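Before any comments, here is the structure.
The values are calculated or read from the model by the stated rules, or taken from the named source; none is laboratory data. Note that the coordinates shown come from a computational prediction; the quantities given were computed from them, not determined experimentally. No Cβ is skipped: glycine too gets one built from the backbone with ideal geometry, and neighbour counts run over all protein chains shown.
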Amino acid sequence: MAGKTAGEILREAMASSEEPQEAPGGAPEEQEVPEDQEAQEDEQEAPEGQEEPEEGPPITSLTELAQAIGVDPSELYDLEITLSDSKERIKLGELKDRLQESSRLESTIREKEEQLAREYQQAYQNRQAWQAQETEFTGHMQQAWLAMQQADADFKRIDWDKFDQLDPGKSANEKQKLMARYVAAKEQLQQAQAAHQNLLNEQTQKARAWHDTKTLEAIPEWRDPSVAQTEVPDILAYAKKVGLTDEELSQAWDYRYRTILRDGMLYRKLKESSRGLSTKGLKPLPGGRTGSRSQGSQVADLVKQAKNSNNRDLKRKAQAAVLSQAFRGKR
């Protein structure tokens, strides 16, 4: 007993008091415990004046778990868990990164889908408006053409020789009226045709501008006009080699055609490079460049100005000029 601490003595005393007392004869005496006492012992009520601790909010993240157990969250990221579907063991940190990347991709996809939905809706509305205008101008042209045909038919039904003999003055007056009807109808037809052509030109310009924007989204390298100006001759040379004509190239302002042609040109260069050929670029075939020398010089000057400037409008103008010159074809 001399070497024991007070705590050890206390624990031994408590242990000995809990051992069952032996009844006379050596067998331990079993004492019945009242039911009320058992219930009271099971309940183990807290001492008076001491409230039971309230449960906190549920833990829903590693950060909350780390705070609850008093460690830095980064210490939990090295813990490994097993994925039930693949039996793959993975660290919590890597799982967190995967989930964040998946969430980012889902957010990007949703944004793209919403953007495409807006573009589709805008394109649908534009098409509806264009069709309404197309119908209107077509109706004007048809009415003017029918008026011309009717005036011509009325003129041909009359025997002007006899009419001149019967009443020269009235004949001349009637002839003048029919000619005026014909001329007025012809002018209306020409005006309707001119308005219709203006509508087509406007729609073409809008479509080209939209495809120019989509081209730069598909080929971000071309945001630098000098890069586009460098690659265009190789693209046109490739297009000529696969059989496209100037007329076909003049319609290749759809950004999908441009992207396909550029990918084909780059693949051809890569293929020739793997064969040990020169990688300095393809020599444009005859007729590869479009536009006159003066137009090319103007575009080159515009590209040079844009390259040395931070003006976005100037850069967009240079980009449009390069694309317009490249996919215009000969005039």
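Points worth noting:
- Selection of segment 247-268 for residues being among the aliphatic types (A, V, I, L, M) and part of a helix (DSSP H, G or I) yields L249, I260, L261, M265, L266.
- The criterion of being touching a Leu at 6+ places or on another chain (Cβ under 7 Å) and either farther than 29 Å from K206 by Cβ or modelled with pLDDT of 85 or more (or both) does not hold for K271.
- Condition met for D234 (under 26 Å from the mean Cα position of the chain (by Cα), within 19 Å of A321 (Cβ to Cβ) and either part of a helix (DSSP H, G or I) or in the same structural domain as N311 (by TED's automatic domain parsing) (or both)): no
- Residue match in segment 102-114 (condition: of a type in the set (A, V, I, L, M, F, W, C) and either touching a strand residue (DSSP E or B) at 6+ places or on another chain (Cβ under 9 Å) or at pLDDT below 80 (or both)): no
Each row is one residue, and each column tells you yes or no for (1) modelled with pLDDT under 90; (2) loosely packed, with under 12 Cβ neighbours inside 10 Å; (3) aliphatic (A, V, I, L, M); (4) in the same structural domain as H196 (by TED's automatic domain parsing).
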site: Q128; (1), (2), (3), (4): yes, yes, no, no
site: Q133; (1), (2), (3), (4): yes, no, no, no
site: Q142; (1), (2), (3), (4): no, no, no, yes
site: Q149; (1), (2), (3), (4): no, no, no, yes
site: A153; (1), (2), (3), (4): no, yes, yes, yes
site: K156; (1), (2), (3), (4): no, yes, no, yes
site: K170; (1), (2), (3), (4): no, yes, no, yes
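- Residue in segment 204-226 that is over 22 Å from the mean Cα position of the chain (by Cα) and among the aliphatic types (A, V, I, L, M) present: no
- Selection status of A185, exposed (fewer than 15 other Cβ atoms within 10 Å of the Cβ) and small (G, A, S): no
- Residue check, M179 within 30 Å of Q122 (Cα to Cα) and at pLDDT 90 or above: no
- Across segment 217-230, the qualifying residues are those that are surrounded by fewer than 20 Cβ atoms within 10 Å (Cβ to Cβ) and of a type outside the set (V, I, T), and the one among them that is nearest to L261 (Cα to Cα) is A218.
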